[in-house]
């Protein structure tokens, strides 16, 4: 897989998660869970360097490249030589999900979660796979376990903020959303701004809403940039119109949409 292809898959992961947050979070609307959570699982394996495998087996390198597109033969071969390699097992499980072997993927993640009860990543992977297969409440419980084990696990907090809201655990959803935002997720920052604006899960606060909107925009969230441009153009959040700032944020949003986040 070329660097361009890998970056494309990572961007796809971010797009799916952005869609989940923008169209499903706190709205009561059903999410397209399979794509969202499959992409979330794959995103963590795509970003991880090959050295995490702890082996110089060339099949492991092929497994890492091919699993995100659902090709798992080399993962199986690599595991025959190194059956206890946890990262290879995770790659295989994720590849099976993309390939369409839902039962096989779920079973693989379940075994890892049972074998590694103190491993937050194992609980997270199993939880989001359950959610992908519409077992929302069980999946939510596993995400609870993941963030209990590792409170600074940003991906788990972000995922928890989505699914907790979907299963009616709104107070926990807001807490997870706030934690994910504090850990640097621009998606969570934007949704936290909306929560404060609408008073969802917390007392409404235009001041806090505007502060988190700014943080999301500064972190690269394009919709936040566009919303800041509109706010400075027409006023809002207790802020007076400012044509100069409106123009600045509109330009930044345009550059970001082209993939150029430089000032």
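The values are calculated or read from the model by the stated rules, or taken from the named source; none is laboratory data. Not measured: the values here are computed from a predicted model. Heads up, the Cβs are rebuilt from the backbone with ideal geometry, glycines too, and the neighbour counts pull from every protein chain shown.
Taking the conditions exactly as written (surrounded by fewer than 23 Cβ atoms within 10 Å (Cβ to Cβ), over 19 Å from residue 109 (Cβ atoms), out of contact with any strand residue (DSSP E or B) (no Cβ under 9 Å at 6 or more places or on another chain) and at pLDDT 95 or above), does residue 183 satisfy them or not?
Judged against the criteria, residue 183 is a match.
Based on what the data block shows, is residue 190 touching a strand residue (DSSP E or B) at 6+ places or on another chain (Cβ under 8 Å) and either over 26 Å from residue 89 (Cβ atoms) or part of a helix (DSSP H, G or I) (or both)?
Answer is no for this residue.
Would you confirm whether any residue within region 70-85 is in contact with a helix residue (DSSP H, G or I) (Cβ under 8 Å, 6 or more places away or on another chain), in a helix (DSSP H, G or I), touching a residue at least 40 places away in the same chain (Cβ under 8 Å) and surrounded by 19 or more Cβ atoms within 10 Å (Cβ to Cβ)?
no
Which residues, taken from region 86-122, are over 21 Å from residue 133 (Cβ atoms) and part of a helix (DSSP H, G or I)?
Of everything in region 86-122, those that are over 21 Å from residue 133 (Cβ atoms) and part of a helix (DSSP H, G or I) turn out to be 86, 87, 88.
Could you grab the pairs with beta carbons closer than 9 Å, sequence gap of 6+ or different chains, first residue in region 146-158 and surrounded by fewer than 17 Cβ atoms within 10 Å (Cβ to Cβ), second one part of a helix (DSSP H, G or I)?
From residues that are surrounded by fewer than 17 Cβ atoms within 10 Å (Cβ to Cβ), the pairs are 148/120; 148/123; 151/157; 151/179; 152/179.
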